[in-house]
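What follows is one structure encoded as structure tokens, with my remarks underneath.
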Amino acid sequence: MHFNIKGLLARNGFFLDVKQPQIYVNLYTAFKKAILNRSLETGYQLPPSRVLANDLGISRSTVLKAIDLLLVENYITAKKGSGYFVRAPKNKKIKLNISAIEKKGGYPTLSQKGKAFSENATWLEGDSTKGVAFRPGLPPLDIFPVQIWKKLIDDYWKRITPSELSYCNTIGLECLRKNLAHYLKVYRNVHCHPDQIIITTGSLHSLYLVSNILLEAHDNIVVENPTYPMAYKLFKSLEVKIHAAQVDSEGLNLSKITCHKPKFVYTTPSCQYPTGIKMSMQRRYQLLKWAVKNETFIIEDDYNHEFSNWEKPLGSLYGMDTQERVIYLGTFNKLIHPSLRLGYMILPQQLVGPVSALYQQSSRFVSRQNQKAMSAFIEKDYLNKHLRKVIDTAKERKDFFVHHFNNTMSDFFSLDTSSEGLHLIAHNKVNMQDIYLEQKFAEHNIKVHALSNYYILPNNVNGLVMGFCSVNPKQIKETILKMSEIMEQLKG
Ligand SMILES: Cc1ncc(COP(=O)(O)O)c(C=O)c1O
């Protein structure tokens, strides 16, 4: 990467003064400074001497003299036929010099929203790609058809026209919305017009957009208890009044909810998150009726429908709605892989304009390349094939996980195997809090989530939420074994 080396050298003290007798010393000093302060990292390839001389307006022999000095002092190495590479001295830690800056005067304060978002954030420590097992909600990542996806991306670039490199429609490419509308009709009994679909980076993004369009601070909303923690954080950051509705064996139970005209009910009817309970038909009708009576919307987060709906298909709430009450959130991040960042929502007509406007004025649109590839992935039936493979693999891995977990960990946990999601819940039998266990496992790069963190009211729940299929059987077995060793150690 040859960035503007002239600017970088100038910032490190190189200036051109034709009267100066030893320009090469000045150049050498600037390079040395840039290497020591890590502006030039180890491995960086210096531009060829001819290019440097040209860029800096000096002779090539002057550049070569500076290079000689850097070579002698080991700040760079020469590789035959390739050029010169930076070799920064070891053991010099990069110092972020922020505190050394003398700050003059004050700064604007954060908005109330800015403070609320910061307070509710949690950050992943270290490298999140280290240790995928047993993070909840991940599909079998190792069977993603990389070669097919690569081919679709290659096809996209082969046919690209210059105008396609420009901005595109905020709500998403028409081809993808049309293919998606068809896919949803077949798989979810969702009948919608492609123009009601908005392509986003995922369910959380969709929820953010809809919530910001509908909610004012102190508005009422109804949320399932337990619920998806990221959604809960978002609602808290928006400073709304959250009314927790209990989840029982039939799903969301609204019988104790008394708030006046909530703006919406946030629910996961096809596979309650994280309990895995399917909302009964009766509850679905009740909820739709309740929404009309209370003049509210229902946000149906169908994050898991491909899995929860496979064996015993149950349509979506959206498909039962005749009153435009349901806002439907879907995602490909769960079925394909979360780093794809591709999701969608289906909106009642009156929300399409305002939600698109917020979207346009914030993140504009999702990468055209991914949208095109996804559209072709659906159209060429790859999605269907992948879906079947994912379902079979997830089923096999669930059995494998359950077998090994019960064999190894039954002194510590009792595993609930009823959920049809991509995770299982293990209830804790030992006297150790789930939050503590989550931390202890994380120290060994094992990702499990504390069940109590999914509850939004004080609770005495104690268990672990674990994804069981993101890694292969060998890794599942090894990770469970490691977990049992950790449990033995903790037990003392
Ligand atoms: C219930 C639920 N909804 C939404 C999401 C977020 O999905 P996405 O990655 O598409 O934002 C998740 C992710 O774990 C989830 O569990």
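The values are calculated or read from the model by the stated rules, or taken from the named source; none is laboratory data. Owing to the predicted nature of the structure, the values given are computational and were not obtained by experimental measurement. Note that each Cβ is placed from the backbone with ideal geometry, even for glycine, and that neighbours are counted across all protein chains shown.
Would you be able to tell me the number of residues in segment 332-355 that are over 15 Å from Leu422 (Cβ atoms) and out of contact with any His (no Cβ under 7 Å at 6 or more places or on another chain)? Don't jump to the end; show me each part of the working.
Start the filter on segment 332-355 by keeping residues that are over 15 Å from Leu422 (Cβ atoms), which leaves 339-355.
Still in the running and out of contact with any His (no Cβ under 7 Å at 6 or more places or on another chain): 339-342, 344-355.
Count: 16.
Checking the structure you have, find out if any residue of segment 333-347 is more than 16 Å from the ligand (Cβ to nearest atom), over 23 Å from Glu164 (Cβ atoms) and not hydroxyl-bearing (Ser, Thr, Tyr). Full working, then the answer.
Taking segment 333-347 and keeping what is more than 16 Å from the ligand (Cβ to nearest atom), we get 347.
Now drop any that are not over 23 Å from Glu164 (Cβ atoms), which leaves 347.
Then drop every residue that is not not hydroxyl-bearing (Ser, Thr, Tyr), which leaves 347.
Checking segment 333-347: at least one residue is more than 16 Å from the ligand (Cβ to nearest atom), over 23 Å from Glu164 (Cβ atoms) and not hydroxyl-bearing (Ser, Thr, Tyr).
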Top-ranked residue in segment 417-440 [being under 24 Å from the mean Cα position of the chain (by Cα) and among the β-branched types (Val, Ile, Thr); ranked as farthest from Asn304 (Cα to Cα)]: Ile435
Residues that are of a type in the set (A, V, I, L, M, F, W, C) and within 16 Å of the ligand (Cβ to nearest atom), drawn from segment 283-304: Ile298, Ile299
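Would you mind stating whether Asn333 is over 19 Å from the mean Cα position of the chain (by Cα) and farther than 17 Å from Ser211 by Cβ?
Against the criterion (over 19 Å from the mean Cα position of the chain (by Cα) and farther than 17 Å from Ser211 by Cβ), Asn333 does not qualify.
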First in segment 223-242 and more than 11 Å from the ligand (Cβ to nearest atom), second anywhere and assigned to a helix (DSSP H, G or I) and hydroxyl-bearing (Ser, Thr, Tyr), Cβ under 8 Å, 6 or more apart: Val223/Tyr232; Phe235/Ser211; Leu238/Ser211; Ile242/Tyr232
Helices (runs of 4 or more DSSP H) completely within segment 1-63 that count 1 or more residues being farther than 13 Å from Val86 by Cα and of a type in the set (S, T, N, Q): 23-36, 49-56
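Every residue, every condition in (1) without any contact (Cβ under 8 Å) to a residue 40 or more places away in the chain; (2) assigned by TED's automatic domain parsing to the domain that holds Gln272; (3) on the phi > 0 side of the Ramachandran plot; (4) assigned to a helix (DSSP H, G or I), yes or no:
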| site | (1), (2), (3), (4) |
| --- | --- |
| Gln439 | yes, no, no, yes |
| Ile446 | no, no, no, no |
| Asn453 | no, no, no, yes |
| Ile456 | no, no, no, no |
| Asn460 | yes, no, no, no |
| Ile476 | no, no, no, yes |
| Ile480 | no, no, no, yes |
| Glu485 | yes, no, no, yes |
Residue in segment 285-300 that is under 23 Å from the mean Cα position of the chain (by Cα) and of a type in the set (Gly, Ala, Ser) present: no
Residue selected from segment 191-217 under the condition surrounded by fewer than 23 Cβ atoms within 10 Å (Cβ to Cβ) and under 19 Å from Leu317 (Cβ atoms), by the criterion nearest to the ligand (Cβ to nearest atom): Ser211
Residue within segment 282-296 that is among the acidic types (Asp, Glu), closer than 21 Å to Val355 by Cα and in contact with a Leu (Cβ under 6 Å, 6 or more places away or on another chain) present: no
Search result, residues across segment 442-458 that are closer than 23 Å to Lys130 by Cβ, modelled with pLDDT under 95, out of contact with any Lys or Arg (no Cβ under 7 Å at 6 or more places or on another chain) and of a type outside the set (Asp, Glu): Ala442
Some residue of segment 137-155 being more than 30 Å from Ala291 (Cα to Cα), within 16 Å of the chain's Cα centre (by Cα) and within 13 Å of the ligand (Cβ to nearest atom): yes
Only one of Leu351, Leu358 that is under 21 Å from the mean Cα position of the chain (by Cα) and closer than 30 Å to Leu288 by Cα: Leu358
Selected residue (criterion: modelled with the lowest pLDDT) from residues of segment 104-130 that are of a type in the set (A, V, I, L, M) and part of a loop (DSSP other than H, G, I, E, B): Leu124
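Can you confirm whether segment 278-299 contains a residue that is in the same structural domain as Val352 (by TED's automatic domain parsing), under 25 Å from Val132 (Cβ atoms) and out of contact with any Pro (no Cβ under 6 Å at 6 or more places or on another chain)? Even if it seems obvious, please write down each step before you answer.
First, pick out the residues of segment 278-299 that are in the same structural domain as Val352 (by TED's automatic domain parsing): 278-299.
Okay, now just the ones that are also under 25 Å from Val132 (Cβ atoms), so none.
For segment 278-299, residues in the same structural domain as Val352 (by TED's automatic domain parsing), under 25 Å from Val132 (Cβ atoms) and out of contact with any Pro (no Cβ under 6 Å at 6 or more places or on another chain): absent.
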